[in-house]
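Please read the structure below before turning to the comments.
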Amino acid sequence: MRFSPLAWAKLLFLRDLGPTEVGGFAISDAQDLLYLEDFVLIRQECSPVTVAFDDDAVAEFFDAQIDAGRRPEQFARVWVHTHPGNSATPSRVDEETFARVFGRSDWAVMAILAQGGQTFARLQFHTGPGGSLQIPVAVDWSRPFAASAWPDWNQEYLQNVRPDEFCHHQQIREHAGPLSVSEMLDGLTEHSHQFFNEKGPT
Amino acid sequence: MKILFINNDGAGFADHIEIADGTTVEQLFRKRVNEGNPADYLIRVNRQPASSDQVLQPGDRVSFTPTKIEGAGRT
Ligand SMILES: [Zn+2]
């Protein structure tokens, strides 16, 4: 499975923006479903160790994607979320969701990116005999890609990620506040430092 | 009559389908999802929550989308 540089950069940016986990769906190339063009956040309630999508927001995401001319296999098959710490190994909750929600589709991928850079991706399929396998994650530099859009991504984060009660307190205590555009732009140097040191998928 | 039907199961589906006049939300669900548990789906008609006995109208947009998509970092 390959991320476009744009999708990968956006995922890293959103992972590192706030104190919470984040999750969303990857948008696949129509002709090459394991090439991920973009990553889209769904409105969600998050803590440092959990992410739960809002059910209405999932329905609205489907409506918007279908209105944009995409098919469900392009926007609702690759479920992506981040983990704190170094482990991208799926938790029990992850496994339950993957089986219950994505077990009804012909195929789906559970992709996890840990704060420390480790990645995990498992493809499960239910056509024919069915099965599942862990698949490698890479960034595909071989196609043209759009420029990063930090202010837009920051806005997408603000609109969709609702930190839970615990996080609010933690944010106030521990974070100078990476959550406004101006503060984020002030921190560009720090962020680019992080990006240039990012080793990419493991 | 024709409705726009959106369903994520199987290959995924987002297209116009033909249904009988008087079809209710529940009848459509049973026909398209059969053994599925309604609690695992958010059912909306024209982007609004729908009741199971709601009678569908020509041109309605009906979506069955997944619920409770949750992840966690620790077990
Ligand atoms: Zn997880």
Could you give every pair whose Cβ atoms fall below 9 Å, whose first residue belongs to region A:78-96 and is within 7 Å of chain B (Cβ to nearest Cβ) and free of Cβ contacts under 8 Å to residues at least 12 places away in the same chain, and whose second residue is within 9 Å of the ligand (Cβ to nearest atom) and of a type in the set (Gly, Ala, Ser), counting only separations of at least 6 or pairs across chains? A:SER91/B:GLY71; A:SER91/B:ALA72; A:SER91/B:GLY73; A:ARG92/B:ALA72
Looking at region A:35-45, can you tell me whether even one residue there is within 10 Å of chain B (Cβ to nearest Cβ), in contact with a helix residue (DSSP H, G or I) (Cβ under 8 Å, 6 or more places away or on another chain) and either surrounded by fewer than 23 Cβ atoms within 10 Å (Cβ to Cβ) or not aromatic (Phe, Trp, Tyr) (or both)? yes
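Is it fair to say B:GLY10 is at negative phi, facing another protein chain (nearest Cβ under 7 Å) and modelled with pLDDT under 95? Break it down stepwise before answering.
Values: at negative phi: no; facing another protein chain (nearest Cβ under 7 Å): yes; modelled with pLDDT under 95: yes.
Spelling it out, it is not the case that B:GLY10 is at negative phi, facing another protein chain (nearest Cβ under 7 Å) and modelled with pLDDT under 95.
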Flag for A:PHE53 being within 19 Å of B:ASP9 (Cα to Cα) and within 16 Å of the ligand (Cβ to nearest atom): yes
Within region A:125-161, restricting attention to residues that are surrounded by 14 or more Cβ atoms within 10 Å (Cβ to Cβ) and within 14 Å of chain B (Cβ to nearest Cβ), which residue is nearest to the ligand (Cβ to nearest atom)? A:VAL161
Of the residues in region A:20-34, those that are aliphatic (A, V, I, L, M), more than 12 Å from chain B (Cβ to nearest Cβ) and farther than 19 Å from A:ALA88 by Cα number 3
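Determine whether B:VAL33 is closer than 17 Å to A:ASP56 by Cβ and among the hydrophobic types (A, V, I, L, M, F, W, C).
Values: closer than 17 Å to A:ASP56 by Cβ: no; among the hydrophobic types (A, V, I, L, M, F, W, C): yes.
So B:VAL33 does not fit the description; no.
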Say we look at region A:6-20 and pick out the residues that are of a type in the set (D, E, K, R) and in contact with a helix residue (DSSP H, G or I) (Cβ under 8 Å, 6 or more places away or on another chain); which of these is farthest from the ligand (Cβ to nearest atom)? A:LYS10
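Taking strands (runs of 3 or more DSSP E) that do not extend beyond chain B, which have at least 2 residues that are among the polar types (S, T, N, Q) and touching a helix residue (DSSP H, G or I) at 6+ places or on another chain (Cβ under 9 Å)?
Details: elements: B:2-7, B:13-18, B:41-45, B:61-66, B:70-72.
Ranges flagged: B:61-66.
Would a scan of region A:104-111 turn up a residue that is touching an Asp or Glu at 6+ places or on another chain (Cβ under 9 Å), within 16 Å of the ligand (Cβ to nearest atom) and modelled with pLDDT under 95? Before the answer, list the steps.
Here is the first cut: in region A:104-111, the ones touching an Asp or Glu at 6+ places or on another chain (Cβ under 9 Å) are A:104-107, A:110.
Among the residues that remain, those that are also within 16 Å of the ligand (Cβ to nearest atom) are: A:110.
Within this subset, residues satisfying the condition of being modelled with pLDDT under 95 are none.
No - not one qualifying residue is present in region A:104-111.
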Mind listing just one residue for me: the one in region B:21-75 that is facing chain A (nearest Cβ under 10 Å) and basic (Lys, Arg) and, of those, nearest to the ligand (Cβ to nearest atom)? B:ARG74
Of the residues in region A:51-64, those that are facing chain B (nearest Cβ under 9 Å) and within 22 Å of A:ASN154 (Cβ to Cβ) come to A:VAL51, A:ALA52, A:PHE53, A:GLU60, A:PHE61
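Can you confirm whether region A:57-79 contains a residue that is at pLDDT 95 or above and within 13 Å of the ligand (Cβ to nearest atom)?
First pass over region A:57-79, keeping only residues at pLDDT 95 or above: A:57-79.
Next cut, within 13 Å of the ligand (Cβ to nearest atom) only: A:79.
Yes - at least one qualifying residue is present in region A:57-79.
On the given criteria, is A:THR119 within 16 Å of the ligand (Cβ to nearest atom) and under 16 Å from A:ALA7 (Cα atoms)? Lay out the reasoning, then the answer.
Numbers: within 16 Å of the ligand (Cβ to nearest atom): yes; under 16 Å from A:ALA7 (Cα atoms): yes.
Yes; evaluated as a whole, the condition is true for this residue.
Given the criteria touching a residue at least 12 places away in the same chain (Cβ under 8 Å) and over 30 Å from A:ILE112 (Cβ atoms), does B:ASP40 qualify? Explain how you work it out, then say what you get.
Values: touching a residue at least 12 places away in the same chain (Cβ under 8 Å): yes; over 30 Å from A:ILE112 (Cβ atoms): no.
No, not satisfied.
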For region B:48-75 the number of residues that are among the hydrophobic types (A, V, I, L, M, F, W, C) and under 11 Å from the mean Cα position of the chain (by Cα) is 3
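The values are calculated or read from the model by the stated rules, or taken from the named source; none is laboratory data. Predicted model, so just to flag it, every value in this text is computed and none were measured. Glycine also receives a Cβ, built like all others from the backbone with ideal geometry; neighbour counts cover every protein chain displayed.
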